[in-house]
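Have a look at the structure below, then the notes.
The values are calculated or read from the model by the stated rules, or taken from the named source; none is laboratory data. As the structure is a computational prediction, the values presented were derived from the model and not from experiment. FYI the Cβ positions are ideal-geometry reconstructions off the backbone, even for glycines, and counts take in every protein chain you see. These area figures cover heavy atoms from the full protein model, side chains too; ligands, DNA and RNA do not enter into them. Shrake-Rupley method; radii C 1.70, N 1.55, O 1.52, S 1.80 Å.
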Amino acid sequence: MAVAEQRPIAAPETCYHCGEPVPAGVSLFVDIDGQARPMCCPGCRAVAGLIAGSGLDSFYRRRSSYSERPGEPADTAGEYRVYDDPELAGDFSSSNADGSVSARLLLGGISCAACTWLIEQALSRVPGILAASVQLQHSRLDLRFDPARIPLSEIFARVEALGYRPQPFRADTRREQLSREYRADLRRLGVAGFGMMQVGMFAVALHAGDLQGIEEQYRGLLRGFSLLVSGFVVYYAAGIFFRTAWRHLRQGALVMDLPVALAIGLAWLASAWATLTGSGQVYFDSVVMFTFFLLLGRFLEARVRRHYALAWFDVEAALPDAVSVRHEGQWVTRPRRLLRPGDRVLVRPGQTVPADASVVDGIGAVREDTFNGEHLPRTVHPGETIYAGSVNVESALQADVLVDFAHSRLAALQQSVDAARSGKPKLARLADRIAGWFVAGVLLLTAGTAAVWLQLDPSRALWVSLSVLVISCPCALALATPAALTAAAASLRSAGVIVRGENALESLGRCTHLLFDKTGTLTEGSLAVERVLVLGDCDARELLELAAGLQQFSNHPISRAFANTPANTAFAQVVHIAGAGLEGEYDGLRYRMGSAAFCRALCPVLPEPPEEPLYWVAMCREEQPLAWIGFSDPTREEAPAVIAAARAAGVRVGMLSGDSSPRAAQLAAELGIEVTGSGLQPQEKLRRLRELQDAGAVVAMVGDGLNDAPVLGAADASFAVAGATDLARAQADFVLAGDLGGVTRSWGKARACRRIILQNFAWALGYNLLAIPLAASGHVPPWAAAIGMSLSSLLVVTNSLRLHRSGVAAPEVLRG
């Protein structure tokens with residue numbers, strides 16, 4: 001009996017979820033499968049709403065009996081108990097060979113590296129959870145747990161108890177979450193910016209009144225308006241700092257949001273007290289300005305993470321939504337997401353392969369530049385495997401699905417990118433640990449100052465402590481690096497280098513190794529006729545016209561090499577033999593162009609191709625060999641100068657290529673670079689790069705393809721060339737809008753940026769060492785502390801702006 005026939009039919013007066021009668025007067029409904037379904041209680045409505053909201057409406061179509069009525073609200077895991085059903089959880093979890101279960105959860109409310117630390121540390125202490133890893137850029141929690149010791153519902157509940165919003169990880173759900181969080185961040189930033197302008201105008205009037213005189217009633221009115229506006233900014237816009245600080249305090253962790261929240265809260269409360277009592281100074285303008293600039297920095301960082309996440313969704317979106325599947329002797333169209341191992345699919349010419357599958361019928365060719373960066377297709381026969389994301393460029397293929405998408409080769413490539421990104425910020429994890437000690441030091445210093453002044457002069461204890469808290473706020477120190485990086489990045493953008501990962505500028509200035517991909521990076525990424533070896537009585541021009549006449553009937557990448565060649569249009573009855581070549585008739589004779597075996601079947605005396613490392617294609621007619629045509633991928637014109645500049649600077653230059661042909665070694669010899677690997681898969685490229693980094697190297701990588709995304713993400717600094725795939729551009733720190741010369745221009749600017757950063761650090765540290773003792777001794781009032789902090793930050797920013805000039809460093813800077 002079909003599952004749909006086992007589905008329980010709910011009467012209008014019974015609960016659609018548990019089947020119990022709906023009490024009189026209760027009007028609760030949940031929209032499931034496009035219909036309003038009645039619910040008997042808030043518990044059923046909550047669980048049913050969770051299922052429907054997660055896109056799991058099919059649960060109700062599959063069940064064979066009513067669900068159990070949810071427990072009392074006191075049961076914290078009750079609303080998530082539905083996910084303990086293995087069938088329902090199958091969309092976002094999978095069983096492992098050792099009996100454990102791996103699952104992916106989408107987290108709402110995650111904002112920074114400290115959040116990842118908190119979640120991982122809290123869950124690692126829970127018995128039954130074997131591994132917990134948070135991917136910040138995707139807001140995703142990867143879990144491995146023992147279902148016999150802890151149910152999935154309890155893990156959901158524990159994550160929620162930490163203050164985050166867990167739900168099953170799905171690409172469409174993640175998109176919606178990203179959009180919601182982006183709008184919320186933008187609203188907070190807008191409120192803070194509007195409040196800063198309004199309170200700033202009131203502050204100007206108050207300061208002018210202090211200098212020129214102002215009646216007390218007007219002073220009180222301006223302070224009152226400032227109190228209301230800044231109070232809303234602190235509650236709505238700055239509330240995220242207070243919530244984050246409290247969430248981590250509950251887990252025993254100190255984060256940078258704690259002194260930020262204390263500074264904002266104490267400054268606002270002290271100003272509010274001064275306003276209500278008509279005494280002292282007010283700092284409403286400093287509060288809202290501080291809030292605005294902090295939110296602006298976080299908003300820009302969140303935009304970068306959002307871009308990275310959406311890039312991977314676009315990769316999976318390239319797979320077809322609908323697939324032709326063999327069912328009961330007929331080809332029917334089904335959604336790709338419903339494909340299961342064993343299903344037979346039809347992949348027509350020009351279509352993207354929907355899943356990893358084994359060819360059972362047909363001979364064709366698939367372009368796999370997604371995985372190896374090579375534009376030449378691979379010929380496939382029955383019994384060979386084709387992979388999701390590759391493109392069928394020749395005849396139709398029938399293939400049996402081997403695995404679902406989660407276990408496909410493309411998914412493994414996605415995981416490699418995730419691993420590269422998650423493993424990249426080693427310094428960020430060190431900064432998190434240092435931040436805890438720094439926060440503790442600031443708090444102890446402030447508390448010590450308050451304790452001393454409570455003994456000396458209790459009336460000044462609050463204001464002196466606030467001065468210490470404000471003046472020790474490391475704004476200049478925090479701006480020392482990002483201000484210089486931002487200015488350098490702006491200068492590079494104006495010179496045609498799009499900077500996506502500004503932090504990589506610092507690493508680029510210390511680079512010891514420069515690695516290149518070959519195809520599409522050092523080369524143009526398109527085939528061109530390099531040599532024609534004439535074997536018969538035709539000249540080279542006539543042979544190329546004959547070849548162009550045959551290739552006009554093909555969509556193979558080789559055909560594009562003849563786009564500008566005059567074609568012989570007299571060919572008739574041209575046929576394309578998948579995986580072999582082309583055959584046609586001209587002047588009463590049969591001609592062939594393609595592989596050696598294909599041509600020798602018509603012309604057995606065809607000689608072997610030359611040993612020169614080119615991509616050779618044979619051409620013949622009946623009983624007469626005509627030519628071997630060699631194709632090459634032209635080297636970029638600027639590549640030799642870029643490599644020479646790098647070598648002159650003492651940087652080791654290498655190549656990580658997916659091309660297994662002799663062309664890689666030949667190109668390396670031409671350019672004078674060291675070949676560090678050819679014929680490499682994405683994971684092998686990543687391993688080679690990690691080996692260099694483990695040996696102490698600082699590595700910059702230049703690439704263009706989807707297969708380069710993991711190594712671009714893992715490199716200390718990475719470049720995507722013009723025309724790179726969307727994912728390569730998303731994972732790279734720099735995107736070259738022009739030629740490869742942008743690599744050396746970026747390098748020169750990075751070295752100048754490093755010098756500016758060291759200058760900024762020297763000033764910021766010197767300022768703090770001088771100002772904190774003065775503030776603690778009571779010589780710096782809060783208003784002066786705020787001004788001093790602002791002036792220190794302004795000096796750092798002004799020094800950094802020297803990097804933002806119209807000109808950028810020339811390649812000669814590399815030798816300095």
Of the residues that make up region 590-611, is at least one in contact with a Leu (Cβ under 7 Å, 6 or more places away or on another chain) and at pLDDT below 85?
-> no
Inspect region 497-507 for any residue being within 44 Å of the chain's Cα centre (by Cα), over 30 Å from residue 754 (Cβ atoms), open to solvent by less than 20 Å² (accessible area, probe 1.4 Å) and of a type outside the set (Ser, Thr, Tyr) and give the result as yes or no.
-> no
Over region 508-567, the set of residues surrounded by fewer than 19 Cβ atoms within 10 Å (Cβ to Cβ), under 44 Å from the mean Cα position of the chain (by Cα) and assigned to a loop (DSSP other than H, G, I, E, B) is 510, 512, 524, 526, 552, 553, 555, 563, 564, 565
Which residues, counting only those in region 214-227, are closer than 20 Å to residue 293 by Cα and not hydroxyl-bearing (Ser, Thr, Tyr)?
-> 227
Could we say that residue 276 is in a helix (DSSP H, G or I), under 14 Å from residue 463 (Cβ atoms) and open to solvent by 40 Å² or more (accessible area, probe 1.4 Å) here?
-> no
Restricting the search to region 502-560, which residues are of a type in the set (Lys, Arg) and over 30 Å from residue 744 (Cβ atoms)?
-> 531, 541, 560
Is it the case that some residue within region 122-133 is out of contact with any Ser or Thr (no Cβ under 7 Å at 6 or more places or on another chain), open to solvent by less than 20 Å² (accessible area, probe 1.4 Å) and either closer than 26 Å to residue 337 by Cβ or at pLDDT below 75 (or both)?
-> no
Go over the candidates 413, 456 one by one and state the one that is at pLDDT 75 or above and farther than 30 Å from residue 758 by Cα.
-> 456
Test each condition in (1) more than 30 Å from residue 319 (Cα to Cα); (2) open to solvent by less than 50 Å² (accessible area, probe 1.4 Å); (3) modelled with pLDDT of 75 or more for residue 403 and report the one that comes out false.
-> (1)
Picking from 345, 360, the residue that is farther than 29 Å from residue 656 by Cα, at pLDDT 85 or above, open to solvent by 40 Å² or more (accessible area, probe 1.4 Å) and of a type in the set (A, V, I, L, M, F, W, C) would be 360
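So that you can scan it fast, the table gives a plain yes or no per residue for (1) buried (at least 23 other Cβ atoms within 10 Å of the Cβ); (2) modelled with pLDDT of 75 or more:
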position	(1), (2)
702	yes, yes
710	yes, yes
717	yes, yes
730	yes, no
734	yes, yes
741	no, yes
746	yes, yes
749	yes, yes
For region 471-480, enumerate the residues that are at pLDDT below 70 and either surrounded by fewer than 22 Cβ atoms within 10 Å (Cβ to Cβ) or within 21 Å of residue 267 (Cα to Cα) (or both).
-> 473, 474, 475, 476, 477, 478
Residue pairs meeting the criteria (Cβ under 6 Å; at least 6 apart or on separate chains; first assigned to a loop (DSSP other than H, G, I, E, B), in region 132-161; second open to solvent by less than 50 Å² (accessible area, probe 1.4 Å)) = 139/107; 139/110; 146/100; 146/128; 147/101; 149/128; 150/128
Subset of region 183-192 (residues that are of a type outside the set (Asp, Glu), touching a residue at least 60 places away in the same chain (Cβ under 8 Å) and crowded, with 18+ Cβ neighbours inside 10 Å) = 188, 189, 192
Being assigned to a loop (DSSP other than H, G, I, E, B) and in contact with a helix residue (DSSP H, G or I) (Cβ under 7 Å, 6 or more places away or on another chain) is the filter here, so list the residues in region 322-361 that pass it.
-> 354, 355, 356
Does residue 683 satisfy the criteria of being more than 23 Å from residue 511 (Cα to Cα) and open to solvent by 30 Å² or more (accessible area, probe 1.4 Å)?
-> no
Considering only residues of region 363-372 that are open to solvent by 10 Å² or more (accessible area, probe 1.4 Å) and out of contact with any Leu (no Cβ under 6 Å at 6 or more places or on another chain), which is modelled with the highest pLDDT?
-> 363
Based on what the data block shows, is residue 249 over 21 Å from residue 462 (Cα atoms), part of a helix (DSSP H, G or I), under 38 Å from the mean Cα position of the chain (by Cα) and at pLDDT below 80?
-> yes
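A quick yes/no check of all residues on (1) of a type in the set (Ser, Thr, Tyr); (2) free of Cβ contacts under 8 Å to residues at least 12 places away in the same chain:
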site: 338; (1), (2): no, yes
site: 343; (1), (2): no, no
site: 352; (1), (2): yes, no
site: 379; (1), (2): yes, no
